[in-house]
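Accompanying notes for the structure given below.
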């Protein structure tokens, strides 16, 4: 190992400048261990450790700030995901004369309003004048409605199965 490499290694290990490392090595006859002992005895190694601790403290603060920002963005993404999920489970129902004409997830309705707000409001006013009605069915109501539909389908299937007839007009 040449002198320059030794000075660089001492600089890294002791946390001192290259000039201080070279001077310590020259004073110790280029003996690395003796240079470390001399630095410690002169108190320069303690200052280097303090400087290193300060650097680590600043790094810890930066890492804490990064974790805090990461936590904020993580919470924001989770909140947005939950809002989208709730919006997709909620429905805006358009009906006329008691018949359902269209059923749209709330998320789609909000996006249409945000991107096409002028056209959206115009279409809303015209449709209200033409007799269309808008209702909102929230996530819980929609889940209950879907459960009711499943139960009605099962009941209809039972009735159909019970009243099946063969091609000769006889009950099966």
*How far is helix 139-162 tilted, in degrees, relative to the longest principal axis of the Cα atoms in the chain, given as a value from 0 to 90 rounded to the nearest 10?*
50
*Simple spin-label estimate for residue 31 and residue 94 in nanometres, 7 Å along Cα-Cβ*: 9.2
*Would you mind checking the range 87-109 for residues with the amide N under 19 Å from a putative spin-label position 7 Å along Cα→C-beta of residue 139?*
87-93, 104-109
*Quick one: among 94, 125, 159, which has the greatest mean-square fluctuation in a GNM of the chain with alpha-carbon springs under 10 angstrom?*
159
*Among 146, 158, 103, determine the one that fluctuates most according to a GNM of the chain built with springs between C-alpha atoms less than 10 Å apart.*
158
*Quick one: if you stick a label point 7 Å off each Cα along the C-beta vector at residue 85 and residue 129, how many nm between them?*
4.3
*GNM, the chain, Cα, under 10 Å: largest mean-square fluctuation among 28, 90, 74?*
28
*asked:* What is the angle, in °, between the Cα long axis of helix 3-14 and the longest principal axis of the Cα atoms in the chain? Nearest 10 is fine, range 0 to 90.
replied: 60
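Could you give the length gained on full extension between residue 74 and residue 122, defined as 0.36 nm per residue of separation minus the Cα-Cα distance, in nm?
Details: separation 48, 0.36 × 48 = 17.28 nm, distance 3.77 nm.
Going from the current span to full extension adds 13.5 nm.
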*Starting from the Cα-Cα distance between residue 18 and residue 41, subtract it from 0.36 nm times their residue separation and give me the gain in nm to one decimal.*
6.4 nm
_Virtual spin-label span in nm between residue 8 and residue 148, 7 Å along Cα→Cβ_ = 7.8
_Rounded tilt (10° steps) of 32-42 against the dominant C-alpha axis of the chain_ = 90
*Do the sum for the chain: with -39,500 (n - 2.57) for every DSSP H run of n ≥ 4, divided by all residues, what is the mean residue ellipticity at 222 nm, to the nearest 500 deg cm²/dmol?*
-25000 deg cm²/dmol
*Between residue 61 and residue 114, what length in nm is gained on full extension when 0.36 nm per residue of separation is reduced by their alpha carbon distance?*
15.1 nm
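Checking the a/c ratio against 1.5 first, then a/b against b/c, what shape does the Cα gyration tensor give for the range 90-152? Walk me through the numbers on the way to the answer.
Details: a/c = 3.64, a/b = 1.56, b/c = 2.34.
Here the range 90-152 falls in the oblate category.
Only the coordinates and a few stated rules stand behind these numbers; no lab work does. These numbers come from a predicted model, not from an experiment. Don't worry about glycine lacking a Cβ; one is built from the backbone with ideal geometry, like all the others, and counts go over all protein chains shown.
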